[in-house]
Amino acid sequence: MEVANARNHASKRKFDDVVSPSSPSQAASSNGFNDIDLSLLEAVEKSQNAVEVLDLKTLKKLVLAFERRLKDNIEARLKYPNQPDRFADSEVELHEELQKLKILAGAPELYPDLVNLNVVPSIVDLLNHDNTDIAIDVVQLLQDLTDEDVLEDNDEPAKVLVDTLVENSALELLVQNLHRLSDSDPDEMAAVYNTLATIENLIEVKPAVAELVCEKTKLLKWLLGKIKVREFDSNKQYASEILAILLQNSTANQKKLGQMNGVDVMLQAVAMYKSKDPKSSDEEEMVENLFDCLCCLLMPFENKERFVKAEGVELMIIIMKQKKLAYGSAIRALDFAMTKYPPACERFVDVLGLKTAFAAFMGGILRGSRRERLLSKFVENECEKIDRLMELYIRYSDRVKAETERMNQIQLDDFEMDEDEKYNRKLESGLYTLQARIFRINHLASLFNFSHIMGTSGVGMGNDLIWHPQMRARIELLLKQNRLGKNDIKDILQEYHDNIGDLDGPEEKERAQTKIQKFIAAL
(Lines give C-alpha, C1' and ligand atoms only; values in the text may rest on other atoms or scores of the structure.)
Protein backbone atom coordinates (compact mmCIF):
# COMPACT_ATOMS: atom_id res chain seq x y z
CA MET A 1 0.00 0.00 0.00
CA GLU A 2 0.97 3.65 -0.37
CA VAL A 3 0.95 3.86 3.42
CA ALA A 4 3.70 1.30 3.66
CA ASN A 5 5.76 3.20 1.10
CA ALA A 6 5.28 6.36 3.11
CA ARG A 7 6.60 4.57 6.17
CA ASN A 8 9.69 3.45 4.26
CA HIS A 9 10.31 6.95 2.93
CA ALA A 10 9.98 8.35 6.45
CA SER A 11 12.54 5.84 7.70
CA LYS A 12 14.93 6.73 4.89
CA ARG A 13 14.65 10.43 5.68
CA LYS A 14 15.56 9.74 9.32
CA PHE A 15 18.50 7.62 8.22
CA ASP A 16 19.68 10.33 5.82
CA ASP A 17 19.38 12.97 8.55
CA VAL A 18 21.70 10.93 10.75
CA VAL A 19 24.21 9.96 8.07
CA SER A 20 24.31 13.11 5.92
CA PRO A 21 27.06 15.59 6.82
CA SER A 22 25.94 18.73 8.61
CA SER A 23 28.59 21.02 7.12
CA PRO A 24 30.60 21.39 3.88
CA SER A 25 33.85 20.52 5.68
CA GLN A 26 32.34 17.32 6.97
CA ALA A 27 31.11 16.56 3.47
CA ALA A 28 34.58 17.04 2.10
CA SER A 29 36.21 14.79 4.68
CA SER A 30 33.55 12.13 4.22
CA ASN A 31 34.53 11.83 0.57
CA GLY A 32 38.03 10.70 1.56
CA PHE A 33 39.22 7.46 3.11
CA ASN A 34 41.37 8.94 5.89
CA ASP A 35 38.54 9.12 8.43
CA ILE A 36 37.02 5.70 7.72
CA ASP A 37 37.34 3.03 10.40
CA LEU A 38 38.38 0.00 8.32
CA SER A 39 37.94 -2.39 11.22
CA LEU A 40 34.30 -1.29 11.55
CA LEU A 41 33.69 -1.89 7.85
CA GLU A 42 35.29 -5.33 8.16
CA ALA A 43 33.04 -6.21 11.11
CA VAL A 44 29.94 -5.10 9.22
CA GLU A 45 30.94 -7.16 6.20
CA LYS A 46 31.45 -10.26 8.35
CA SER A 47 28.09 -9.82 10.05
CA GLN A 48 26.38 -9.59 6.67
CA ASN A 49 28.10 -12.71 5.39
CA ALA A 50 27.39 -14.76 8.51
CA VAL A 51 23.93 -16.06 7.68
CA GLU A 52 22.77 -18.63 10.20
CA VAL A 53 20.68 -21.57 9.03
CA LEU A 54 17.15 -21.19 10.35
CA ASP A 55 16.09 -24.51 11.84
CA LEU A 56 14.70 -25.84 15.12
CA LYS A 57 18.09 -25.57 16.80
CA THR A 58 18.43 -21.92 15.82
CA LEU A 59 14.86 -21.25 16.94
CA LYS A 60 15.59 -22.67 20.40
CA LYS A 61 18.72 -20.50 20.69
CA LEU A 62 16.74 -17.39 19.75
CA VAL A 63 13.96 -18.18 22.21
CA LEU A 64 16.39 -18.94 25.03
CA ALA A 65 18.29 -15.68 24.46
CA PHE A 66 15.02 -13.74 24.40
CA GLU A 67 13.78 -15.31 27.64
CA ARG A 68 17.08 -14.52 29.37
CA ARG A 69 16.92 -10.85 28.37
CA LEU A 70 13.26 -10.70 29.38
CA LYS A 71 14.08 -12.16 32.80
CA ASP A 72 16.95 -9.70 33.25
CA ASN A 73 14.70 -6.78 32.40
CA ILE A 74 11.94 -7.89 34.78
CA GLU A 75 14.43 -8.33 37.62
CA ALA A 76 16.10 -4.95 36.95
CA ARG A 77 12.77 -3.14 36.92
CA LEU A 78 11.67 -4.81 40.15
CA LYS A 79 15.00 -4.06 41.86
CA TYR A 80 15.32 -0.44 40.67
CA PRO A 81 11.76 0.72 39.91
CA ASN A 82 12.58 4.43 40.30
CA GLN A 83 16.00 4.37 38.64
CA PRO A 84 15.54 4.07 34.86
CA ASP A 85 19.27 4.27 34.23
CA ARG A 86 19.71 1.00 36.15
CA PHE A 87 17.38 -0.98 33.88
CA ALA A 88 17.91 0.93 30.61
CA ASP A 89 20.66 -1.44 29.40
CA SER A 90 18.47 -4.49 29.96
CA GLU A 91 15.75 -2.91 27.80
CA VAL A 92 18.19 -2.18 25.00
CA GLU A 93 19.21 -5.84 25.10
CA LEU A 94 15.55 -6.94 25.16
CA HIS A 95 14.89 -4.71 22.15
CA GLU A 96 17.77 -6.38 20.29
CA GLU A 97 16.43 -9.88 21.01
CA LEU A 98 12.97 -8.90 19.77
CA GLN A 99 14.56 -7.64 16.58
CA LYS A 100 16.36 -10.97 16.14
CA LEU A 101 13.07 -12.88 16.46
CA LYS A 102 11.87 -11.21 13.25
CA ILE A 103 14.03 -13.66 11.34
CA LEU A 104 11.36 -16.30 12.10
CA ALA A 105 9.17 -14.69 9.44
CA GLY A 106 11.50 -16.38 6.97
CA ALA A 107 10.51 -19.83 8.23
CA PRO A 108 6.76 -19.96 8.95
CA GLU A 109 6.97 -23.75 8.99
CA LEU A 110 8.62 -23.34 12.42
CA TYR A 111 5.59 -21.53 13.91
CA PRO A 112 4.21 -24.74 15.53
CA ASP A 113 7.59 -25.23 17.20
CA LEU A 114 7.55 -21.61 18.35
CA VAL A 115 4.17 -22.24 19.94
CA ASN A 116 5.34 -25.48 21.55
CA LEU A 117 8.25 -23.66 23.18
CA ASN A 118 5.59 -21.63 25.05
CA VAL A 119 7.21 -18.30 24.27
CA VAL A 120 4.19 -16.68 22.59
CA PRO A 121 2.55 -15.67 25.93
CA SER A 122 5.75 -13.89 26.98
CA ILE A 123 5.93 -12.01 23.67
CA VAL A 124 2.28 -10.98 23.79
CA ASP A 125 2.52 -9.82 27.42
CA LEU A 126 5.19 -7.30 26.36
CA LEU A 127 2.44 -5.30 24.65
CA ASN A 128 1.73 -4.17 28.24
CA HIS A 129 5.34 -3.16 28.89
CA ASP A 130 5.80 0.19 30.63
CA ASN A 131 8.26 1.20 27.93
CA THR A 132 6.19 2.02 24.83
CA ASP A 133 9.20 1.34 22.61
CA ILE A 134 9.23 -2.31 23.72
CA ALA A 135 5.50 -2.61 22.99
CA ILE A 136 6.13 -1.10 19.55
CA ASP A 137 8.85 -3.71 18.96
CA VAL A 138 6.31 -6.45 19.70
CA VAL A 139 3.77 -4.91 17.34
CA GLN A 140 6.35 -4.85 14.56
CA LEU A 141 7.31 -8.45 15.30
CA LEU A 142 3.69 -9.67 15.20
CA GLN A 143 3.07 -7.78 11.99
CA ASP A 144 6.11 -9.42 10.38
CA LEU A 145 5.20 -12.91 11.58
CA THR A 146 1.61 -12.65 10.32
CA ASP A 147 2.32 -10.85 7.06
CA GLU A 148 0.21 -12.13 4.18
CA ASP A 149 3.23 -12.80 1.97
CA VAL A 150 4.93 -14.75 4.77
CA LEU A 151 1.91 -16.95 5.47
CA GLU A 152 1.14 -17.71 1.83
CA ASP A 153 1.13 -21.50 1.25
CA ASN A 154 1.61 -22.06 5.00
CA ASP A 155 -2.02 -22.32 6.09
CA GLU A 156 -1.63 -24.80 8.93
CA PRO A 157 1.38 -23.16 10.64
CA ALA A 158 -0.41 -19.82 10.28
CA LYS A 159 -3.55 -21.13 11.98
CA VAL A 160 -1.51 -22.59 14.84
CA LEU A 161 0.18 -19.22 15.48
CA VAL A 162 -2.99 -17.15 15.12
CA ASP A 163 -5.00 -19.44 17.41
CA THR A 164 -2.29 -19.16 20.05
CA LEU A 165 -2.15 -15.38 19.75
CA VAL A 166 -5.92 -15.12 20.18
CA GLU A 167 -5.91 -17.53 23.14
CA ASN A 168 -3.25 -15.40 24.85
CA SER A 169 -5.25 -12.16 24.57
CA ALA A 170 -3.26 -10.65 21.71
CA LEU A 171 -6.38 -8.92 20.36
CA GLU A 172 -7.18 -7.27 23.69
CA LEU A 173 -3.59 -6.14 24.27
CA LEU A 174 -3.10 -4.86 20.72
CA VAL A 175 -6.19 -2.66 20.98
CA GLN A 176 -5.34 -1.60 24.53
CA ASN A 177 -1.91 -0.53 23.32
CA LEU A 178 -3.51 1.50 20.52
CA HIS A 179 -5.00 3.87 23.07
CA ARG A 180 -1.59 4.97 24.34
CA LEU A 181 -0.08 5.60 20.91
CA SER A 182 -0.02 9.13 19.53
CA ASP A 183 -0.11 10.26 15.90
CA SER A 184 2.15 13.17 16.80
CA ASP A 185 5.12 10.81 17.23
CA PRO A 186 6.33 9.27 13.94
CA ASP A 187 7.33 5.96 15.54
CA GLU A 188 4.03 5.63 17.39
CA MET A 189 2.12 6.60 14.25
CA ALA A 190 3.91 3.78 12.43
CA ALA A 191 2.98 1.44 15.31
CA VAL A 192 -0.70 2.35 14.85
CA TYR A 193 -0.46 1.33 11.23
CA ASN A 194 1.35 -1.91 12.14
CA THR A 195 -1.29 -2.72 14.76
CA LEU A 196 -4.09 -2.37 12.22
CA ALA A 197 -2.07 -4.41 9.73
CA THR A 198 -1.63 -7.17 12.31
CA ILE A 199 -5.36 -7.28 13.02
CA GLU A 200 -6.06 -7.46 9.29
CA ASN A 201 -3.55 -10.32 8.96
CA LEU A 202 -5.21 -12.23 11.81
CA ILE A 203 -8.62 -11.84 10.16
CA GLU A 204 -7.18 -13.07 6.86
CA VAL A 205 -6.03 -16.30 8.52
CA LYS A 206 -9.03 -16.68 10.86
CA PRO A 207 -12.17 -14.78 9.67
CA ALA A 208 -13.87 -15.32 13.05
CA VAL A 209 -11.39 -12.78 14.47
CA ALA A 210 -13.49 -10.02 12.83
CA GLU A 211 -16.30 -10.60 15.32
CA LEU A 212 -14.03 -11.65 18.21
CA VAL A 213 -12.06 -8.41 18.16
CA CYS A 214 -15.26 -6.34 18.23
CA GLU A 215 -16.74 -8.49 20.98
CA LYS A 216 -13.68 -8.53 23.26
CA THR A 217 -12.18 -5.07 22.67
CA LYS A 218 -13.07 -1.43 22.10
CA LEU A 219 -11.67 -1.44 18.56
CA LEU A 220 -14.93 -0.21 16.99
CA LYS A 221 -14.96 2.77 19.35
CA TRP A 222 -11.33 3.56 18.50
CA LEU A 223 -11.98 3.31 14.76
CA LEU A 224 -15.01 5.61 14.99
CA GLY A 225 -12.91 8.12 16.90
CA LYS A 226 -10.25 7.98 14.20
CA ILE A 227 -12.81 8.50 11.43
CA LYS A 228 -14.30 11.50 13.25
CA VAL A 229 -11.00 13.38 12.88
CA ARG A 230 -11.43 15.90 10.06
CA GLU A 231 -7.82 15.93 8.89
CA PHE A 232 -6.80 13.18 6.49
CA ASP A 233 -3.78 10.99 7.18
CA SER A 234 -2.64 7.49 6.27
CA ASN A 235 -3.89 5.97 9.52
CA LYS A 236 -7.36 7.44 9.05
CA GLN A 237 -7.37 5.80 5.63
CA TYR A 238 -6.33 2.45 7.09
CA ALA A 239 -8.88 2.78 9.91
CA SER A 240 -11.63 3.15 7.30
CA GLU A 241 -10.35 0.06 5.49
CA ILE A 242 -10.24 -2.05 8.66
CA LEU A 243 -13.75 -0.92 9.61
CA ALA A 244 -15.05 -1.96 6.19
CA ILE A 245 -13.43 -5.40 6.65
CA LEU A 246 -15.02 -5.80 10.09
CA LEU A 247 -18.48 -4.91 8.75
CA GLN A 248 -18.61 -6.63 5.39
CA ASN A 249 -19.54 -10.13 6.52
CA SER A 250 -20.79 -9.64 10.07
CA THR A 251 -24.38 -8.73 10.91
CA ALA A 252 -23.38 -8.64 14.59
CA ASN A 253 -20.73 -5.98 13.93
CA GLN A 254 -23.14 -4.01 11.72
CA LYS A 255 -25.76 -3.94 14.47
CA LYS A 256 -23.23 -3.15 17.19
CA LEU A 257 -21.78 -0.20 15.28
CA GLY A 258 -25.30 1.04 14.57
CA GLN A 259 -25.99 1.08 18.31
CA MET A 260 -22.79 3.12 18.79
CA ASN A 261 -24.15 5.94 16.59
CA GLY A 262 -22.08 4.59 13.71
CA VAL A 263 -24.58 5.58 11.00
CA ASP A 264 -24.43 9.21 12.06
CA VAL A 265 -20.61 9.15 12.22
CA MET A 266 -20.40 7.70 8.70
CA LEU A 267 -22.81 10.32 7.36
CA GLN A 268 -20.74 13.10 8.94
CA ALA A 269 -17.56 11.61 7.46
CA VAL A 270 -18.89 11.38 3.89
CA ALA A 271 -20.63 14.77 4.17
CA MET A 272 -17.17 16.38 4.03
CA TYR A 273 -17.00 15.30 0.38
CA LYS A 274 -20.45 16.43 -0.75
CA SER A 275 -19.06 19.46 -2.54
CA LYS A 276 -15.35 18.68 -2.87
CA ASP A 277 -13.20 15.88 -4.23
CA PRO A 278 -10.39 14.08 -2.36
CA LYS A 279 -6.97 15.63 -2.90
CA SER A 280 -5.04 12.39 -3.46
CA SER A 281 -5.51 8.79 -4.51
CA ASP A 282 -5.12 7.68 -0.87
CA GLU A 283 -7.84 10.06 0.25
CA GLU A 284 -10.01 8.87 -2.63
CA GLU A 285 -9.56 5.29 -1.42
CA MET A 286 -10.59 6.36 2.07
CA VAL A 287 -13.82 7.91 0.77
CA GLU A 288 -14.65 4.66 -1.01
CA ASN A 289 -13.96 2.78 2.23
CA LEU A 290 -16.28 5.10 4.14
CA PHE A 291 -19.10 4.47 1.68
CA ASP A 292 -18.40 0.73 1.87
CA CYS A 293 -18.83 1.00 5.65
CA LEU A 294 -22.06 2.95 5.21
CA CYS A 295 -23.48 0.41 2.76
CA CYS A 296 -22.62 -2.47 5.12
CA LEU A 297 -24.25 -0.61 7.99
CA LEU A 298 -27.44 -0.24 5.93
CA MET A 299 -28.05 -3.96 5.72
CA PRO A 300 -29.85 -4.40 9.11
CA PHE A 301 -33.31 -2.81 9.16
CA GLU A 302 -32.70 -0.91 12.40
CA ASN A 303 -29.79 0.91 10.74
CA LYS A 304 -31.92 1.80 7.72
CA GLU A 305 -34.28 3.49 10.17
CA ARG A 306 -31.38 5.38 11.75
CA PHE A 307 -30.23 6.43 8.27
CA VAL A 308 -33.63 7.90 7.40
CA LYS A 309 -33.96 9.68 10.78
CA ALA A 310 -30.47 11.16 10.36
CA GLU A 311 -31.53 12.59 6.97
CA GLY A 312 -29.18 10.28 5.14
CA VAL A 313 -31.50 10.16 2.11
CA GLU A 314 -31.34 13.95 1.79
CA LEU A 315 -27.54 13.96 2.14
CA MET A 316 -27.10 11.34 -0.60
CA ILE A 317 -29.32 13.39 -2.95
CA ILE A 318 -27.22 16.50 -2.23
CA ILE A 319 -24.04 14.55 -3.04
CA MET A 320 -25.61 13.32 -6.29
CA LYS A 321 -26.57 16.87 -7.27
CA GLN A 322 -23.03 18.13 -6.73
CA LYS A 323 -21.69 15.47 -9.14
CA LYS A 324 -18.34 15.15 -7.39
CA LEU A 325 -16.33 11.94 -7.01
CA ALA A 326 -18.72 10.53 -4.38
CA TYR A 327 -21.64 10.74 -6.84
CA GLY A 328 -21.73 7.02 -7.70
CA SER A 329 -21.13 5.96 -4.10
CA ALA A 330 -24.12 8.01 -2.96
CA ILE A 331 -26.33 6.18 -5.47
CA ARG A 332 -25.05 2.88 -4.11
CA ALA A 333 -25.79 3.93 -0.52
CA LEU A 334 -29.36 4.86 -1.48
CA ASP A 335 -29.76 1.48 -3.13
CA PHE A 336 -28.80 -0.25 0.14
CA ALA A 337 -31.00 2.07 2.20
CA MET A 338 -34.13 1.59 0.08
CA THR A 339 -33.83 -2.17 -0.54
CA LYS A 340 -36.81 -3.83 1.21
CA TYR A 341 -37.41 -0.70 3.29
CA PRO A 342 -40.43 1.33 2.08
CA PRO A 343 -39.95 4.28 4.50
CA ALA A 344 -36.64 5.12 2.79
CA CYS A 345 -38.29 4.85 -0.64
CA GLU A 346 -41.10 7.15 0.47
CA ARG A 347 -38.66 9.68 1.88
CA PHE A 348 -36.69 9.55 -1.39
CA VAL A 349 -39.81 10.40 -3.42
CA ASP A 350 -41.04 13.01 -0.92
CA VAL A 351 -37.79 14.99 -1.05
CA LEU A 352 -37.88 14.98 -4.86
CA GLY A 353 -35.11 12.46 -5.31
CA LEU A 354 -36.64 11.20 -8.57
CA LYS A 355 -35.51 14.27 -10.46
CA THR A 356 -31.90 13.72 -9.39
CA ALA A 357 -32.09 9.96 -9.95
CA PHE A 358 -33.41 10.25 -13.48
CA ALA A 359 -30.78 12.82 -14.32
CA ALA A 360 -28.25 10.10 -13.44
CA PHE A 361 -30.19 7.51 -15.41
CA MET A 362 -30.50 9.69 -18.57
CA GLY A 363 -27.30 11.40 -18.30
CA GLY A 364 -39.34 18.62 -14.03
CA ILE A 365 -40.60 18.01 -10.61
CA LEU A 366 -43.95 16.26 -10.85
CA ARG A 367 -47.13 16.43 -8.84
CA GLY A 368 -49.38 13.57 -7.78
CA SER A 369 -49.04 10.40 -5.76
CA ARG A 370 -45.65 8.77 -5.28
CA ARG A 371 -46.55 6.00 -7.68
CA GLU A 372 -47.80 8.39 -10.36
CA ARG A 373 -44.79 10.66 -10.00
CA LEU A 374 -42.50 7.68 -10.49
CA LEU A 375 -44.32 6.09 -13.36
CA SER A 376 -45.08 9.22 -15.31
CA LYS A 377 -41.32 9.67 -15.66
CA PHE A 378 -41.26 6.60 -17.91
CA VAL A 379 -43.83 7.82 -20.45
CA GLU A 380 -42.81 11.46 -20.69
CA ASN A 381 -40.93 12.67 -23.78
CA GLU A 382 -42.21 9.77 -25.90
CA CYS A 383 -41.01 7.10 -23.45
CA GLU A 384 -37.36 8.15 -23.67
CA LYS A 385 -36.51 6.36 -20.43
CA ILE A 386 -38.06 3.15 -21.74
CA ASP A 387 -35.76 3.63 -24.74
CA ARG A 388 -32.82 3.82 -22.37
CA LEU A 389 -33.89 0.69 -20.49
CA MET A 390 -34.28 -1.19 -23.77
CA GLU A 391 -30.88 0.05 -24.93
CA LEU A 392 -29.33 -1.53 -21.83
CA TYR A 393 -31.40 -4.68 -22.34
CA ILE A 394 -30.13 -5.11 -25.90
CA ARG A 395 -26.52 -4.43 -24.90
CA TYR A 396 -26.51 -7.10 -22.20
CA SER A 397 -28.54 -9.47 -24.35
CA ASP A 398 -25.80 -9.34 -26.97
CA ARG A 399 -23.16 -10.06 -24.31
CA VAL A 400 -25.02 -13.10 -23.00
CA LYS A 401 -25.58 -14.44 -26.50
CA ALA A 402 -21.89 -14.10 -27.31
CA GLU A 403 -20.96 -15.99 -24.12
CA THR A 404 -23.53 -18.73 -24.88
CA GLU A 405 -22.10 -19.19 -28.38
CA ARG A 406 -18.59 -19.33 -26.93
CA MET A 407 -19.60 -22.03 -24.44
CA ASN A 408 -21.28 -24.03 -27.20
CA GLN A 409 -18.04 -23.90 -29.18
CA ILE A 410 -16.09 -25.08 -26.13
CA GLN A 411 -18.41 -28.08 -25.82
CA LEU A 412 -17.84 -28.91 -29.48
CA ASP A 413 -14.15 -29.09 -28.61
CA ASP A 414 -14.90 -31.93 -26.13
CA PHE A 415 -14.77 -29.78 -23.01
CA GLU A 416 -17.75 -30.64 -20.82
CA MET A 417 -19.48 -28.08 -18.56
CA ASP A 418 -22.36 -28.84 -16.22
CA GLU A 419 -25.50 -26.68 -16.17
CA ASP A 420 -24.50 -24.79 -13.01
CA GLU A 421 -21.17 -23.79 -14.52
CA LYS A 422 -22.88 -22.65 -17.72
CA TYR A 423 -25.34 -20.55 -15.75
CA ASN A 424 -22.57 -18.98 -13.67
CA ARG A 425 -20.61 -18.12 -16.82
CA LYS A 426 -23.68 -16.41 -18.25
CA LEU A 427 -24.21 -14.49 -15.01
CA GLU A 428 -20.63 -13.26 -15.17
CA SER A 429 -21.13 -12.07 -18.74
CA GLY A 430 -24.14 -9.92 -17.75
CA LEU A 431 -27.12 -12.26 -17.44
CA TYR A 432 -28.05 -11.02 -13.97
CA THR A 433 -28.06 -7.40 -15.17
CA LEU A 434 -30.15 -8.46 -18.16
CA GLN A 435 -32.64 -10.27 -15.91
CA ALA A 436 -32.86 -7.24 -13.63
CA ARG A 437 -33.59 -4.91 -16.58
CA ILE A 438 -36.39 -7.14 -17.84
CA PHE A 439 -37.84 -7.54 -14.35
CA ARG A 440 -37.95 -3.75 -13.91
CA ILE A 441 -39.48 -3.15 -17.31
CA ASN A 442 -42.27 -5.64 -16.56
CA HIS A 443 -42.79 -4.28 -13.07
CA LEU A 444 -43.02 -0.67 -14.24
CA ALA A 445 -45.31 -1.45 -17.16
CA SER A 446 -47.79 -3.40 -15.04
CA LEU A 447 -47.54 -0.93 -12.14
CA PHE A 448 -48.30 1.98 -14.43
CA ASN A 449 -51.41 0.22 -15.68
CA PHE A 450 -52.55 -0.43 -12.08
CA SER A 451 -52.20 3.21 -11.13
CA HIS A 452 -54.57 4.27 -13.88
CA ILE A 453 -57.09 1.42 -13.87
CA MET A 454 -57.21 0.54 -10.17
CA GLY A 455 -56.46 3.94 -8.67
CA THR A 456 -54.93 3.77 -5.22
CA SER A 457 -57.19 1.04 -3.93
CA GLY A 458 -55.54 -1.72 -5.95
CA VAL A 459 -58.78 -3.64 -6.58
CA GLY A 460 -60.66 -4.55 -9.72
CA MET A 461 -57.95 -6.45 -11.59
CA GLY A 462 -57.72 -9.73 -9.66
CA ASN A 463 -54.30 -11.37 -9.96
CA ASP A 464 -53.75 -10.54 -13.63
CA LEU A 465 -51.12 -8.11 -14.84
CA ILE A 466 -51.85 -6.02 -17.91
CA TRP A 467 -49.23 -3.86 -19.57
CA HIS A 468 -49.83 -0.20 -20.22
CA PRO A 469 -50.56 0.04 -23.98
CA GLN A 470 -48.15 2.94 -24.66
CA MET A 471 -45.26 1.14 -22.98
CA ARG A 472 -46.13 -2.15 -24.63
CA ALA A 473 -46.22 -0.59 -28.10
CA ARG A 474 -42.88 1.12 -27.53
CA ILE A 475 -41.16 -2.03 -26.27
CA GLU A 476 -42.54 -4.18 -29.10
CA LEU A 477 -41.30 -1.63 -31.64
CA LEU A 478 -37.80 -1.60 -30.16
CA LEU A 479 -37.71 -5.40 -30.03
CA LYS A 480 -38.76 -5.62 -33.67
CA GLN A 481 -36.11 -3.12 -34.74
CA ASN A 482 -33.46 -5.33 -33.11
CA ARG A 483 -34.89 -8.59 -34.50
CA LEU A 484 -36.06 -9.72 -31.08
CA GLY A 485 -39.44 -10.91 -29.88
CA LYS A 486 -41.44 -11.35 -26.71
CA ASN A 487 -40.31 -14.97 -26.55
CA ASP A 488 -36.75 -13.75 -25.94
CA ILE A 489 -37.97 -11.89 -22.87
CA LYS A 490 -40.05 -14.86 -21.74
CA ASP A 491 -37.05 -17.21 -22.01
CA ILE A 492 -34.88 -14.95 -19.86
CA LEU A 493 -37.63 -14.53 -17.26
CA GLN A 494 -38.21 -18.29 -17.20
CA GLU A 495 -34.51 -18.97 -16.66
CA TYR A 496 -34.53 -16.38 -13.85
CA HIS A 497 -37.59 -18.10 -12.35
CA ASP A 498 -36.00 -21.55 -12.46
CA ASN A 499 -32.75 -20.44 -10.79
CA ILE A 500 -34.07 -18.37 -7.89
CA GLY A 501 -32.50 -19.63 -4.67
CA ASP A 502 -34.02 -19.83 -1.21
CA LEU A 503 -31.43 -17.72 0.63
CA ASP A 504 -34.23 -15.49 1.96
CA GLY A 505 -36.42 -18.47 2.82
CA PRO A 506 -38.87 -20.67 0.89
CA GLU A 507 -41.74 -18.18 1.25
CA GLU A 508 -39.74 -15.37 -0.34
CA LYS A 509 -38.64 -17.71 -3.14
CA GLU A 510 -42.24 -18.73 -3.86
CA ARG A 511 -43.40 -15.10 -3.81
CA ALA A 512 -40.69 -14.05 -6.31
CA GLN A 513 -41.43 -16.99 -8.62
CA THR A 514 -45.16 -16.23 -8.57
CA LYS A 515 -44.49 -12.65 -9.53
CA ILE A 516 -42.28 -13.69 -12.44
CA GLN A 517 -44.92 -16.14 -13.67
CA LYS A 518 -47.42 -13.26 -13.75
CA PHE A 519 -45.00 -11.22 -15.82
CA ILE A 520 -44.56 -14.11 -18.26
CA ALA A 521 -48.34 -14.53 -18.54
CA ALA A 522 -48.81 -10.80 -19.18
CA LEU A 523 -46.48 -11.03 -22.17
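Some observations on this one:
- Here the simple spin-label model places points 7 Å from the Cα toward Cβ, and for ASP147 and ASN82 these points are separated by 4.5 nm.
- Exceedance of the 26 Å cut-off in Cα-Cα distance is limited, within the set LYS355/LYS480; LYS256/LYS279; LYS57/LYS159; LYS226/LYS276, to LYS355/LYS480; LYS256/LYS279.
- Protein accessible area in region 56-362, 1.4 Å probe - carbon and sulfur %: 48
- Summing charges over all other residues whose Cβ lies under 12 Å from the Cβ of GLU97, with Lys and Arg as +1 and Asp and Glu as -1, gives 0.
- Peptide packing for 313-322, 511-520 was compared via the average number of neighbouring C-beta atoms within 10 Å per residue; ordered from the highest value, the list is 313-322, 511-520.
- Neighbourhood net charge (13 Å Cβ-Cβ; Lys/Arg +1, Asp/Glu -1) for LYS490: -2
- Under the Karplus curve 6.51 cos²θ - 1.76 cosθ + 1.60, θ = phi - 60°, whole-Hz ³J(HN,Hα) for region 196-206, x wherever Gly or Pro sits: 5, 5, 5, 4, 4, 4, 5, 5, 4, 6, 9
- Cβ-defined net charge surrounding LYS79, 15 Å radius [Lys, Arg +1; Asp, Glu -1]: -3
- Taken as Cα centroids, region 272-315 and region 329-343 sit 11 Å apart, rounded to the nearest whole angstrom.
- Segments 124-132, 420-428, 479-487 sorted - mean Cβ within 10 Å per residue, highest first: 124-132, 420-428, 479-487
- Accessible area of region 56-362 divided out per residue, in Å², using a probe of 1.4 angstrom: 46
- Site pair LEU427 and PHE301 shows an inter-label distance of 2.6 nm when each label is modelled 7 Å from Cα along Cα→Cβ.
The values are calculated or read from the model by the stated rules, or taken from the named source; none is laboratory data. Just so it is clear, the model here is predicted, and its values are computed rather than measured. Reconstructed Cβ throughout: ideal geometry from the backbone, glycine too, with neighbour counts over all protein chains shown. SASA here: full protein model, heavy atoms, side chains in, ligands and nucleic acids out. Shrake-Rupley method; radii C 1.70, N 1.55, O 1.52, S 1.80 Å.
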